[in-house]
Amino acid sequence: MDSTLQAQIEAYQSRLHYLIRRGQDLRNVLASDPSDAFAVTTARVWQQDIGVTINELSGGSKAHWLARSFSQAFLIRSEAGQAIQEVGPDEIVNRLLAVLELATASLSQADATSLSQRSAEAPAPRRFDFVHNQELRPVLEESYNNSRQAFERGHHDEALRTSCGILEAIVTDALEHKGMNALVSSGAPPADLPEWSFETRLTVAERAGLIRAGWVRLPAIAFGYRSEAGDTSKGKASEQDARRVSQVLHVVMRDLDPGR
């Protein structure tokens, strides 16, 4: 098998394993508290990430068995065989975990050439269309992928700093679009926006109604991410730190783009 195609398969396997781990964590939280708002929002983001991966593996075809399995995970049927539209969040997580396991098993037997062809045909994800600065969108997309890959490789410091950079960039874009005149009434400091700290930008964005309070779940180490090695007084970023920042990033993305 060509080494490039083998690497492609391994990258998908790594992504699927990562999605499975995230799903298992979500399942544990939702099993104890199905109404946990943060977990429910994080689960929606997780579902979207699965959708992107399944779409790529299915070649963008909704008729592909894997794409159909993904869609059917959101439905359950009564004993009479009729579709029921509402499914509890924990049940959806369980069903999607089963789909991911099927994808993993199928991928281990996949023909490398067909996998390559399907991936080339799949549409590119467009997570940052809500960003007003169009030139920034592809940069954010690349950074998002880099952050996810760094986390999967166990490079938690890199993953955390990259996710924080994305978070600050999208919040700054929203603040700039809002305009300083409007931000002053929301308690914006007198200094120019480029001089604001990461925490100040998040605080003003919340006060201006651009985002909600989910950002306060950021670990303390995140606020020192701008330094080359992060906030060394807080130590190295842990896997939990990096995962928490990623979760907050997804929540803020949804705040800035409610239609996601």
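Key figures for this structure:
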{"read-out": "Additional length obtainable on full extension of the chain from residue 133 to residue 38, 0.36 nm per residue less Cα span", "value": "31.4 nm"}
{"read-out": "Extension reserve of the residue 104-residue 64 stretch, reckoned as 0.36 nm per residue once the Cα distance is removed", "value": "12.9 nm"}
{"read-out": "Long-range HN-HN contacts of residue 211 with modeled amide H, under 5 Å", "value": "206"}
{"read-out": "Difference of contour (0.36 nm per residue) and Cα-Cα distance, residue 177 to residue 192", "value": "4.0 nm"}
{"read-out": "³J(HN,Hα), Karplus 6.51/-1.76/1.60, whole Hz, each residue of region 27-43, x for Gly, Pro", "value": "4, 5, 5, 5, 5, 8, 8, x, 9, 4, 4, 5, 5, 5, 5, 4, 5"}
{"read-out": "Backbone HN-Hα couplings from phi across region 57-68 [Karplus 6.51/-1.76/1.60, Hz, Gly and Pro as x]", "value": "5, 8, x, x, 9, 6, 7, 4, 4, 6, 5, 5"}
{"read-out": "Rounded, prolate or oblate (a/c below 1.5 giving rounded, otherwise prolate when a/b exceeds b/c) for region 136-256 by Cα gyration tensor", "value": "prolate"}
{"read-out": "Local net charge near residue 197, Cβ-Cβ under 11 Å (Lys/Arg +1, Asp/Glu -1)", "value": "-1"}
{"read-out": "Under Karplus coefficients 6.51, -1.76 and 1.60, residue-wise ³J(HN,Hα) of region 178-193 in Hz, glycine/proline x", "value": "5, x, 5, 4, 6, 6, 4, 5, 9, x, 5, x, x, 5, 5, 3"}
{"read-out": "Those trypsin sites (Lys or Arg not before Pro) in region 158-239 that DSSP places in a loop and that have at most 16 other beta carbons within 10 Å", "value": "212, 226, 236"}
{"read-out": "Neighbour-count order for 196, 215, 65, fewest beta carbons within 10 angstrom listed first", "value": "65, 196, 215"}
{"read-out": "Fewest-first ranking of 9, 92, using other Cβ atoms within 10 Å as the exposure measure", "value": "9, 92"}
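Values in this text are rule-based calculations from the coordinates and carry no lab data. From a predicted model like this one, the values you see are computed outputs, not experimental measurements. Don't worry about glycine lacking a Cβ; one is built from the backbone with ideal geometry, like all the others, and counts go over all protein chains shown.
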